[in-house]
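Remarks on the structure that follows.
The values are calculated or read from the model by the stated rules, or taken from the named source; none is laboratory data. Worth saying up front: this structure is predicted, and the values here are computed from it rather than measured. Cβ coordinates were reconstructed from backbone atoms using ideal geometry, including for glycine residues, and neighbour counts include every protein chain displayed. Heavy atoms of the whole protein, side chains included, go into the accessibility calculation; ligands, DNA and RNA do not. Shrake-Rupley method; radii C 1.70, N 1.55, O 1.52, S 1.80 Å.
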Amino acid sequence: MAKIKSLDDLRMMKESLQSKINLREKGEDPGSHVQIKVAMATCGIASGAKTVMEFMMEELEKRGIESVITQTGCMGYCFAEPTIEVKLPGKEPVVFGYVDNKKADEIIEKYIKNGELVDGIIPMNYETIE
Amino acid sequence: MKDIALHILDIIQNSIVAKATLIEISIDEDFVNDSILVTIKDNGCGMSKKMIEKVSDPYTTSRTTRKVGLGIPLLKQNADRTGGYLSIKSELEIGTTLIASFKPSNIDCLPMGDIAGVISLTVSGNPSIDFIYNHKINGNLYTFSTIEVKKVLGDVSIGDPSISVYLKEMIQTNLEEIQIDSIGYKT
Ligand SMILES: Nc1ncnc2c1ncn2[C@@H]1O[C@H](COP(=O)(O)OP(=O)(O)OP(=O)(O)O)[C@@H](O)[C@H]1O
Ligand code: FES
Ligand SMILES: [Mg+2]
């Protein structure tokens, strides 16, 4: 298909994706999705958070993992940027630091797919930081 | 930051933290008059006069306390270096408008970077906020509005991971077109 340029092109693309999206929305409630937050404070952006967020979006979609990826502000871990928080359905959120594309790939394959722990987890205490 | 697009990504985060529901990003690249203007306007909580003075000055504040951030001082430094400027207008409970001006002929001027990626990522990552993005190159304008996009998408969320790539493609294709038009305009 030609490149999407107008809102009409987007409408057509959406219609062709609709069945897939419908299936996903009817089949599951959002709580059953993997929820990912990418820290986007200045320090996160300067150390590559944009690339990591793009990688996660593309790869989770390609690998067929139901997920919601959002941006968040400072999580208080300047020293370990880029950082992401991953919440698997029914589990406590976990924060990973020093995430580049390679680490992100490992997080998807090991932690998200199989629940295996991987290096780079930051102990959770940011709830107390304002 | 290594390009203007990453600065914009960063400044938008300030508006998000300020609880804006509508954020307008305008970029005007006017190579005939050697000017790039970046304007980010939000309807967030705004800042007091005291706060505006504080955030604009990198020497008195950002270096001493950890509470004041680096985003605005870094952008100011990169704008000033080219012979441009940074200005902030803000009113409590009304919102904030930040303008960064660059002179593209200056060798210190950062490249634009992946602006289509920044806009699509920000839009996908903040589905409940509306964004209007105007990009002008030598007078040729492209406007992208999530208000319109959300109408087209209907009950499909703008944050749906399968949509993001197409939003980026849509912005990119239009930017390429105004870029080509602007070359015709120049000669
Ligand atoms: N659009 C805005 N609306 C309201 N307040 C703002 C806005 N932009 C900036 N501010 C205020 O100015 C402060 C400094 O902004 P700046 O971007 O320089 O640093 P920061 O966002 O605190 O941290 P960093 O950018 O380093 O992650 C913010 O903490 C906020 O209080
Ligand atoms: S300022 Fe760096 S993580 Fe918050
Ligand atoms: Mg900031």
What does the convex hull of the Cα atoms of chain A come to per residue, in Å³, rounded to a whole number? 141
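Eigenvalues of the Cα gyration tensor times 5, then square-rooted: what semi-axes does that give for chain B, in whole angstrom, largest first? If you can, show how the numbers build up before the last one.
Values: eigenvalues 142, 107, 35 Å².
Listed largest to smallest, the semi-axes of chain B are 27, 23, 13 Å.
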Counting only residues 5 or more places away or on other chains, whose amide H sits under 5 Å from the amide H of A:GLY48 once H atoms are built in the peptide plane? none
How much mean residue ellipticity at 222 nm does chain A get from its helices, if each DSSP H run of length 4 or more adds -39500 (n - 2.57) and you divide by all residues, to the nearest 500 deg cm²/dmol? -11000 deg cm²/dmol
Quick one: helix A:49-62 against the long Cα principal axis of chain A, what's the angle to the nearest 10°, folded into 0 to 90? 50
Rounded to whole Å and sorted largest first, list the principal axis extents of the Cα atoms in the protein assembly as shown. 55, 50, 37
Flagged as over-length at 18 Å C-alpha distance, from A:LYS50/B:LYS76; A:LYS14/B:LYS151; B:LYS54/B:LYS103; A:LYS3/A:LYS37; A:LYS37/A:LYS91; B:LYS2/B:LYS76, the pairs are A:LYS50/B:LYS76; B:LYS54/B:LYS103; A:LYS3/A:LYS37
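How much FRET efficiency would the formula 1/(1 + (r/R0)^6) give for A:PHE79 and B:TYR85, where r is the Cβ-Cβ distance and R0 is 35 Å, rounded to 0.05?
Working: r = 33 Å, r/R0 = 0.94.
Calculated value: 0.60.
Let's test the formula: R0 of 51 Å, r as the Cβ-Cβ distance of A:LYS110 and B:ASP30. What FRET efficiency results, to the nearest 0.05?
Working: r = 50 Å, r/R0 = 0.97.
The value I calculate is 0.55.
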Per-residue ellipticity at 222 nm attributable to helices in chain B (runs of n ≥ 4 DSSP H, -39500 (n - 2.57) apiece, nearest 500 deg cm²/dmol) works out to -13000 deg cm²/dmol
Return the sequence-ordered ³J(HN,Hα) values of segment B:41-46 in whole Hz as given by the Karplus equation 6.51 cos²θ - 1.76 cosθ + 1.60 applied to θ = phi - 60°, using x for Gly and Pro. 10, 9, 10, x, 6, x
For the protein assembly as shown, accessible area per residue (1.4 Å probe, heavy atoms of protein chains only), Å²: 49
Exposed-loop-free span, longest in chain A, where trypsin sites (Lys or Arg not before Pro) count as exposed if DSSP calls them loop and at most 14 other C-beta atoms lie within 10 Å: A:4-62
Rounded to 0.05, the calculated FRET efficiency for the beta carbons of A:VAL118 and B:LEU92 at R₀ = 45 Å is 0.50
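For B:ASP3 and B:GLU177 in the same chain, what is the full-extension length gain: residue separation times 0.36 nm, less their Cα-Cα distance, in nm? Please list the in-between numbers first.
Details: separation 174, 0.36 × 174 = 62.64 nm, distance 2.15 nm.
Once the chain is fully extended between B:ASP3 and B:GLU177, it gains 60.5 nm.
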Can you give me the C-alpha center-to-center distance between segment A:50-102 and segment B:151-172, rounded to a whole angstrom? 20
With springs connecting C-alpha atoms under 10 Å apart, model chain A as a Gaussian network and identify which of A:VAL118, A:VAL94, A:VAL38 has the largest mean-square fluctuation. A:VAL118
For segment A:49-98, the Cα convex hull volume per residue in Å³ comes to 82
